[in-house]
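Here's the structure, in C-alpha cells; my notes come after.
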Amino acid sequence: MGTTTKLRFICKMMWELLQITILGINSKIVETHTFRKFPYAKLTLK
C-alpha cells in the first residue's frame with residue numbers, strides 16, 4: 001500500500017510540474033505575440 005501511495009504522489013507532483021511548465025511556455029508565447037503586435041498598434045494610432 002505504501003509504495004502505491006508514493007507512486008501516486010510522485011505522479012501527481014510530476015503532472016503539476018508539467019502543467020506549470022506548459023503554462024510558463026504559453027505565457028511566453030503570448031508575451032512575444034503581443035510584443036510584436038504592439039509596435040504595429042502604435043503605428044496605426046499615429
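A single entry from Thr4, Thr32, Thr21 fulfils the requirement of being modelled with pLDDT under 90 and either over 19 Å from the mean Cα position of the chain (by Cα) or in a helix (DSSP H, G or I) (or both): Thr32. Answer yes or no as to whether Lys12 is in a helix (DSSP H, G or I), surrounded by 10 or more Cβ atoms within 10 Å (Cβ to Cβ) and at pLDDT 95 or above. Judged against the criteria, Lys12 is a match. Pairs meeting the criteria (first residue in the range 1-17 and free of Cβ contacts under 8 Å to residues at least 60 places away in the same chain, second residue part of a helix (DSSP H, G or I), beta carbons under 8 Å, at least 6 apart or on different chains) are lacking.
The values are calculated or read from the model by the stated rules, or taken from the named source; none is laboratory data. In this text, all values refer to a predicted model and were calculated from it rather than measured experimentally. Don't worry about glycine lacking a Cβ; one is built from the backbone with ideal geometry, like all the others, and counts go over all protein chains shown.
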